[in-house]
Structure formats: structure tokens, C-alpha cells
Amino acid sequence: MSSTTREVVLGIGAGIAAYKSCDVLRRLQERGYCVTVVPTPSSLNFVGSATWEALSGRPVKTQVWQNVDEVPHISMADNTDFFLIAPATADLIARIAHGRADDLLSALILASDVPKLIVPAMHPKMWNNAATVDNVATLRARGFIVMEPDTGRLTGSDSGQGRFPETSAIIESFDAITGNLQDLKGKRLLITGGGTREPIDPVRFIGNSSSGKQARALALAALRRGATVHLIAAHMDTSGLGDVSITPVQTALEMGDVLNKEFAACDVLIMCAAVADARPVQQSTGKIKKSNLTSIQLQENPDLLAGLGTLKKDQIMIGFAAETSDLVESARSKLLAKGLDIIYVNDVSNGAIFGKDSTQGMILTRTHSDIALKEVSKDALANILLDHAVRQLG
Ligand code: C5P
């Protein structure tokens, strides 16, 4: 399994429908899947490697004989979460059913036990041939999901069952297997992430340890579930966030300005950023000499979340907290004081969580009992919180 749980191998068999899989690839990418195309060698007669490389943005291999030192069929198989084999010809289905491993695609399929969707496309005589019928029955009995081909006109003048299904039907079946629900379609999510920095002088600042990893996970998860996502990013890695719209900010006050402008238009606000509680009263324009750095006078920053209370209509508001003790009590009082619907409190004792890929803590809502999360990936937490938001959005 990959670290993102979104890695897909799109296997291409040697059928004329291979060209239709260019569209399948595009639709998969739009839905947030990370796709590696693995064509059979003979399928390259229909659509060549250059097309697949250009569309997928990834190298394309057909044989196990490239980069042999990396044992590519095993490492790729280990790094794949789902297979979509479309189109699957009678020959490819036969090879898979018989456990052949005579090219990269069949070797990968043999070396992996993740869910696999097979989309057959062939002449009706081949589809109805007893050999194919037996092979499909074998694959289904082994847990492969084999779609029924459509009935209608084929490439030549014949018609019957064997047509490659419509892209939308393939994607729907694939989503059902992966659980990739588009349950945030049409919803606008405003997410803050990272940690604000309050300048002392041109060199120094008051900052915090937030890496922005959780906000990244939230933004990507929301995007994959169909939301329009706006990330207000304070000092965090914003590369590779695809269609997420990003507003970089430095300080708490800057973050507040953007929030005040954007909040009214959002359906869900997730305040994942670590906002500095205070800022220097004065920001020096020149670098302060070491000998003068004896004390910094601070003034409190506004509580951004609490300030949004007056603008709140029916938005769902999710907050984060980082605590080392009395997790539930302090989270419950923040939930109420800041007008939140959901709060996730990280247990950051012993240097845990900041900058890490996993988290542990508690989810508190106004209506449900508290949920303790032992250790989950930040990707998983993102989806768990989004599940709560979807439920509360009704
Ligand atoms: O810092 P505190 O534990 O109160 O933060 C809890 C929540 O409040 C977080 O979601 C954080 O983004 C938000 N917050 C804020 N404005 C502040 C401090 C924190 O909106 N000045």
C-alpha cells in the first residue's frame, strides 16, 4: 500500500478501446488518484508510450527487464492501492486468469492483492466464447471485479455485447471499489495551515512548530472529495496541491484579514493553523543589536476564530488545539468559547505530532460523544474530520 492510499495502476490491454482510456486516465486524475499507466507491449500498437507518459506525467514501462536492480514489479505492486485494467482483452483476461507473468502488467497483477477492476472490451464472439466465460468466472471467484461490457455497435459493422463501457460508468464502478465518494462536491472549504510568524525585526520572529502537514492532508482530501478548497497558508509547504487555491500569509493579523474576507463564502472552515497568541508591540525596521535583545514587549493577538462568530451563518467550523494535559477539558471549553462545531485536540506531549505524518488525540463535537484516536495518519484524520463535516452539513 502507498503512503497516500491513492496510487492506481491503469493497465491497458491491446484493444482499440485503449484510446478511450486516455479519457479514463484524465477522469481518474481529476478525482485525485495518482495514476501510473502500464500498457501491455501489444497495446502500444493502439496508443503509444509517449501519449501515456504525457497524460500521466509518469514514466511508462511494459516489461520487467527495465531497472532490474530495483525489482520493479514487486516494488510497484507494493506501492499500488488499486488496479483498473481497461480495456481488458480476451487474451489479457486469459493471462490473468492463468496466473501468467509474461509482461509487467500481468506480473504486477500477480504480485499484488489489492482490489482490481477489470473492464473487458472485445468482439461478442470472443466475450461469449466458453474459454472467456470460464476465465471471467475464475477471476470473479478470486475477487476480481469484472464489469459487464456494453451491448451495441462495435468497431466494425457487428454489434452485440463487448463494447467498452462509458467512461462515467467505469469511474462510478471504480469509485465504489475505492470508496472515493464525491461527497463534498459543490462545497467550499476554507482551511488555514502552518504557523504564523510575528516579526521582531527583519531577522527574527516569534513562531511555532506547526509544519502545515495536517492542513496539506485536509486540503488534498477535501479536493479529492470534490470540494473547492482555499488554503490560507502560513509558512508551510504548498507544493503539489493541484487545484487548491492558496493565499500565503505571514502573521496572525494578515491571516485574520483574509479570513474576514473569505469566511462568508465558505461552507466549512477548518482552522488548522497554529496562530501566534501574541505579537511584539513594536517591530523594529533595523536588526536589533544582540546587547539590546533583553526583553520583547508583547501584545495579545485577536482570537481569529472567536472573531468570526459574528459572521457565522450556517458554516461548519472545525478547530484544532495542541495540548499536553487535560485534553478533553481544555478542548471542550475551546469548542464552546470559539463557537466551534468540531474540535480536534492533538496530544503533543513528548514532542509528538509536530512535523510528523501521524497524529493522536481526541475529536469532540457538540452532539456526539468524544472520539479517541490512538495513532492515525494525518491523511486518515483529514478524512475522519471531513466525514464529520459532511454529516453536519446534512
Ligand atoms: O491557540 P488555541 O489552542 O486557542 O487554538 C485553538 C484554535 O483556535 C485553533 O483552531 C487555532 O487556529 C485558533 N486560533 C485562532 N486565533 C488565535 C489563536 C488560535 O483562531 N489567536
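The values are calculated or read from the model by the stated rules, or taken from the named source; none is laboratory data. As the structure is a computational prediction, the values presented were derived from the model and not from experiment. Here the Cβ positions follow ideal geometry from the backbone for every residue, glycine too, while neighbour counts run over all protein chains shown. Heavy atoms of the whole protein, side chains included, go into the accessibility calculation; ligands, DNA and RNA do not. Shrake-Rupley method; radii C 1.70, N 1.55, O 1.52, S 1.80 Å.
Listing for the model above:
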read-out	value
In region 304-313, residue least open to solvent (accessible area, probe 1.4 Å) [restricted to those that are in contact (Cβ under 8 Å) with a residue 24 or more places away in the chain and more than 9 Å from the ligand (Cβ to nearest atom)]	GLY309
In region 131-181, the residues that are open to solvent by 60 Å² or more (accessible area, probe 1.4 Å), within 22 Å of the chain's Cα centre (by Cα) and not polar (S, T, N, Q)	GLU172, ALA176, LEU181
Residue tally, condition of a type in the set (S, T, N, Q) and touching a residue at least 12 places away in the same chain (Cβ under 8 Å), over region 142-158	2
Among (1) of a type in the set (A, V, I, L, M); (2) at pLDDT 95 or above; (3) within 16 Å of the ligand (Cβ to nearest atom), the one test that ALA264 misses	(3)
Filtered residues of region 23-37 (kept if at pLDDT 95 or above and surrounded by fewer than 18 Cβ atoms within 10 Å (Cβ to Cβ))	ASP23
Strands (runs of 3 or more DSSP E) contained entirely in region 323-385, each with at least 3 residues that are closer than 22 Å to ALA219 by Cα and in contact with a Leu (Cβ under 7 Å, 6 or more places away or on another chain)	342-347, 358-365
Odd one out for GLY226 among (1) within 19 Å of GLY195 (Cα to Cα); (2) open to solvent by less than 60 Å² (accessible area, probe 1.4 Å)	(1)
Residue list for region 332-344, restricted to those being within 9 Å of the ligand (Cβ to nearest atom) and small (Gly, Ala, Ser)	ALA337
From the options ILE232, ILE246, residue that is modelled with pLDDT of 95 or more, away from the ligand (no atom under 16 Å from the Cβ), outside the structural domain of CYS34 (by TED's automatic domain parsing) and in contact with a helix residue (DSSP H, G or I) (Cβ under 9 Å, 6 or more places away or on another chain)	ILE246
Residue in region 346-362 that is touching a residue at least 60 places away in the same chain (Cβ under 8 Å) and either open to solvent by less than 70 Å² (accessible area, probe 1.4 Å) or at positive phi (or both) present	yes
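A quick yes/no check of all residues on (1) within 16 Å of the ligand (Cβ to nearest atom); (2) modelled with pLDDT of 95 or more:
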{"position": "GLY226", "(1), (2)": "no, no"}
{"position": "MET236", "(1), (2)": "yes, yes"}
{"position": "THR251", "(1), (2)": "yes, yes"}
{"position": "VAL258", "(1), (2)": "yes, yes"}
{"position": "ALA273", "(1), (2)": "yes, yes"}
{"position": "PRO302", "(1), (2)": "yes, yes"}
{"position": "ILE316", "(1), (2)": "yes, yes"}
{"position": "THR324", "(1), (2)": "yes, no"}
